[in-house]
1. Apply the a/c threshold of 1.5 to the C-alpha gyration tensor of region 127-281 and tell me whether it is rounded, prolate or oblate.
2. By the gyration tensor of its Cα atoms, with a ≥ b ≥ c the square roots of the eigenvalues, what is the shape of the chain: rounded for a/c under 1.5, prolate for a/b over b/c, or oblate?
3. Pop the C-beta distance of ASP116 and ALA142 into the FRET formula with R0 = 41 Å and round what comes out to the nearest 0.05.
4. For region 164-232, what is the relative contact order in percent, using Cα pairs closer than 8 Å and at least 6 residues apart in sequence?
5. Find the relative contact order for the chain and round it to a whole percent, using C-alpha pairs within less than 8 Å whose residues are 6+ positions apart.
6. Rounded to whole Hz and in sequence order, give me ³J(HN,Hα) for region 107-113 from the Karplus expression 6.51 cos²θ - 1.76 cosθ + 1.60, θ = phi - 60°, writing x for Gly and Pro.
7. State to the nearest 20 debye the size of the charge dipole of the chain about its Cα centre, where the only charges are +1 on K and R beta carbons and -1 on D and E beta carbons.
8. Mind jotting down the distance between the C-alpha centroids of region 24-46 and region 178-254, whole Å?
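Each value in this text was obtained by applying a stated rule to the coordinates, not by laboratory testing. Note that the coordinates shown come from a computational prediction; the quantities given were computed from them, not determined experimentally. For neighbour counting, all protein chains shown are included, and Cβ atoms are generated from backbone atoms with ideal geometry for every residue, glycine included.
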Amino acid sequence: MTVVTSTAVPRPTRPAPRPVTDAMTMLGRQLRHVLRYPELTVIVLMIPVIFLLLFVFVFGGTLGAGLGAAAAPGAAGDRGDYAAFVLPGILLLTIGSIAQGTSTSMAMDMQQGIIDRFRTLSISPGAVLSGHALAATIQSVASVIVVVLVGLAAGARPSAGPDEWLLALALVSGVALAVSWVSVALGLLSRTVESASNYPMPFVLLPFLGSGFVPTDSMPTVLRWFADLQPFTPIMDTLRGLLLGTAFSTATAALAVGWVLALTVGGWLWARRVYARPRRA
């Protein structure tokens, strides 16, 4: 009698996810997309550049004179003064413009099914999201540098030293990362690619409804109350203080950093939560 013994074939095991390596792989994927379609970055970048040139060369003479009089009665400001004043608001406007592209890119991955494919692979769940957020942060910082150069060419005369420039760059990078994470979450929530570009619109509007273009003291009471409480105002005031060497309180800087940390952590948790949900039909 022959006895047949069966040998269980072990199932192949998936390799363990490597969060950092996976995130860098997804970052490389997103950066290749940016390099492959540079015209998209140029189009998005043109919006803040046009606003900068518009406000400086069309409104800058009048608004600059008003700023000089507000700072010291009888003083005369000029376009250069206003260019320096408005530069922090334009920088945040730049980050908000990039956020619209980030949300759209995330929504496109969802609609085209690539995210469903990634879910079946041995990839760290947060790596896909980190790739989008980090790539958007790099794109935002690069765009901000271009806008600063345009601002200098337009007559802005920052008095910041190397330490202040580094602190300003760190703050801008933190804002870019925070806004990028929120934009990734908004892209995941979007049912269509078309709506994804509209969801981050508040990031574009907040510099206008804060201290980005005029001092909040000149606003009506209700609008001034909102402008002083919204997150972008302390960030712009801190950037302005760093770049122009003007006085700003430690409380304002702490509030700016607090908003950056809150938006970063909140956006990250929100994106991870939405990504973990089953996809709706």
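1. prolate
2. Here the chain falls in the prolate category.
3. Working: r = 31 Å, r/R0 = 0.75.
For R0 = 41 Å, the calculated efficiency reads 0.85.
4. Relative contact order, region 164-232: 21 percent.
5. Normalised by residue count, the contact order of the chain is 24 percent.
6. Along region 107-113, the couplings run 5, 5, 4, 5, 6, 7, x Hz.
7. Dipole size: approximately 1360 debye.
8. If you average the Cα positions of each part, the centres end up 24 Å apart.
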